[in-house]
1. So, of the residues in segment 75-104 that are more than 16 Å from the chain's Cα centre (by Cα) and surrounded by 17 or more Cβ atoms within 10 Å (Cβ to Cβ), which turns out to be nearest to residue 140 (Cα to Cα)?
2. Determine which member of the set 72, 51, 55 is under 13 Å from the mean Cα position of the chain (by Cα) and farther than 27 Å from residue 15 by Cβ.
3. Kindly indicate whether any position in segment 169-176 is surrounded by 15 or more Cβ atoms within 10 Å (Cβ to Cβ), modelled with pLDDT of 95 or more, part of a helix (DSSP H, G or I) and in contact with a strand residue (DSSP E or B) (Cβ under 9 Å, 6 or more places away or on another chain).
4. I'd like the residue in segment 55-65 that is without any contact (Cβ under 8 Å) to a residue 12 or more places away in the chain and not in a helix (DSSP H, G or I) and, out of all such residues, is nearest to residue 93 (Cα to Cα).
5. Restricting attention to segment 19-26, does a residue exist that is in contact (Cβ under 8 Å) with a residue 12 or more places away in the chain, surrounded by 14 or more Cβ atoms within 10 Å (Cβ to Cβ) and closer than 25 Å to residue 134 by Cα?
6. Restricting attention to segment 75-97, which residues are in contact with a helix residue (DSSP H, G or I) (Cβ under 8 Å, 6 or more places away or on another chain), free of Cβ contacts under 8 Å to residues at least 60 places away in the same chain and over 18 Å from residue 19 (Cα atoms)?
7. Name the one entry in 128, 153 that is modelled with pLDDT of 95 or more and crowded, with 23+ Cβ neighbours inside 10 Å.
């Protein structure tokens, strides 16, 4: 495991199951519909229970009738998860031609901003857009770590401490962990 510090925030990569993370917020690699699906999205919805789906349906019927746009983020409660909040973000789909690294970076920076706005001190991310959305895990790792490094950790709190003190990338496979360890090691 490689750990680095950016602006006083510990950033690390671990292999694990994001639904078991004991952090303030976990990030869901969601679909625009916010109603669950496969992969990380399906696992988070299954572990969180029906409360998460109910909150997502409420968002869709009120503030997000057209769904969550790619690169944006929104928070809900976390249902039965150990986390307090789930921050949902929609990654770009390379298979549909969405290959702009800035759009992918926005998933990470907007999620950090939303989490910091909630008062979260710790957040866990999956490899947003890797896998079914067709981005290589090496590209996702480089973009994600770069987004966190370039001021995406939130503004200092009133007491002068950063809102976020821990950003953890939780990866399901050893290949993904190696990619994120490599991206972090460039700043170690």
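1. That would be 94.
2. 72
3. So the first thing to find is which residues in segment 169-176 are surrounded by 15 or more Cβ atoms within 10 Å (Cβ to Cβ), and the list is 169-172, 176.
If we keep only those that are modelled with pLDDT of 95 or more as well, we get 169-171, 176.
In the following step, the residues that additionally are part of a helix (DSSP H, G or I) were identified as 176.
Filter again for in contact with a strand residue (DSSP E or B) (Cβ under 9 Å, 6 or more places away or on another chain), leaving 176.
The answer is yes, given that some residue of segment 169-176 is surrounded by 15 or more Cβ atoms within 10 Å (Cβ to Cβ), modelled with pLDDT of 95 or more, part of a helix (DSSP H, G or I) and in contact with a strand residue (DSSP E or B) (Cβ under 9 Å, 6 or more places away or on another chain).
4. So the first thing to find is which residues in segment 55-65 are without any contact (Cβ under 8 Å) to a residue 12 or more places away in the chain, and the list is 58, 61-63, 65.
Going one step further and asking which of them are not in a helix (DSSP H, G or I), we end up with 62-63, 65.
Numbers: 62: 26, 63: 23, 65: 21 Å.
In this case the residue turns out to be 65.
5. Yes: one or more hits.
6. 92, 93, 94, 95
7. Numbers: 153 fails: modelled with pLDDT of 95 or more.
Every option except 128 fails the conditions.
The values are calculated or read from the model by the stated rules, or taken from the named source; none is laboratory data. Quantities reported herein were computed from a predicted structural model and do not represent experimental measurements. Methodologically, a virtual Cβ is constructed for each residue, glycine included, from the backbone with ideal geometry; neighbour enumeration extends over all protein chains shown.
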